[in-house]
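Here's the structure, in structure tokens; my notes come after.
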Amino acid sequence: MTDKELFKIIKNCLKTKSLINMKSSSKNLEEWDSLGQLAILTTLDKKLKGKTSKLSQLAEADTVNKIYKNLKKAKLIN
């Protein structure tokens with residue numbers, strides 16, 4: 001998975017027209033609420049074939065940057 005794919009997944013999960021980048025977060029996107037967070041996590045888990053379920057810090061990641069760093073650390077993103 002690439003960072004661009006991650007941005008696209010987050011954009012689709014949140015059903016937002018806003019530009020998604022590394023600075024996007026639950027604080028600056030109205031659509032990023034608890035249901036949006038859940039949609040992001042479940043979509044990533046499906047896309048990465050269950051590998052994200054082992055990343056406990058991913059559930060608390062409330063910014064694109066934190067999600068990216070968690071995936072990078074687990075070697076799930078390029």
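Of note:
- In this entry, residue 49 passes the filter for residues that are among the charged types (D, E, K, R) and out of contact with any helix residue (DSSP H, G or I) (no Cβ under 8 Å at 6 or more places or on another chain).
- Any hit, segment 27-37, residues being assigned to a helix (DSSP H, G or I) and open to solvent by 40 Å² or more (accessible area, probe 1.4 Å): yes
- Counted residues, segment 38-78 - those being in a loop (DSSP other than H, G, I, E, B), of a type in the set (A, V, I, L, M, F, W, C) and touching a residue at least 24 places away in the same chain (Cβ under 8 Å): 3
- Residues of segment 1-26 classified as within 19 Å of residue 50 (Cα to Cα) and assigned to a loop (DSSP other than H, G, I, E, B), total: 2
- Scope segment 52-78; condition small (Gly, Ala, Ser) and touching a helix residue (DSSP H, G or I) at 6+ places or on another chain (Cβ under 8 Å); matching residues: 53, 59, 61, 74
- Meets criteria (touching a residue at least 60 places away in the same chain (Cβ under 8 Å) and either open to solvent by 50 Å² or more (accessible area, probe 1.4 Å) or not basic (Lys, Arg) (or both)) for residue 2: yes
The values are calculated or read from the model by the stated rules, or taken from the named source; none is laboratory data. Keep in mind the model is a prediction, meaning the values are calculated, not measured. Glycine gets a Cβ as well: all are built from the backbone with ideal geometry, and neighbour counts include every protein chain shown. Ligands, DNA and RNA are stripped out before the accessible areas are found, and what is left, the full protein with its side chains, is counted by its heavy atoms. Shrake-Rupley method; radii C 1.70, N 1.55, O 1.52, S 1.80 Å.
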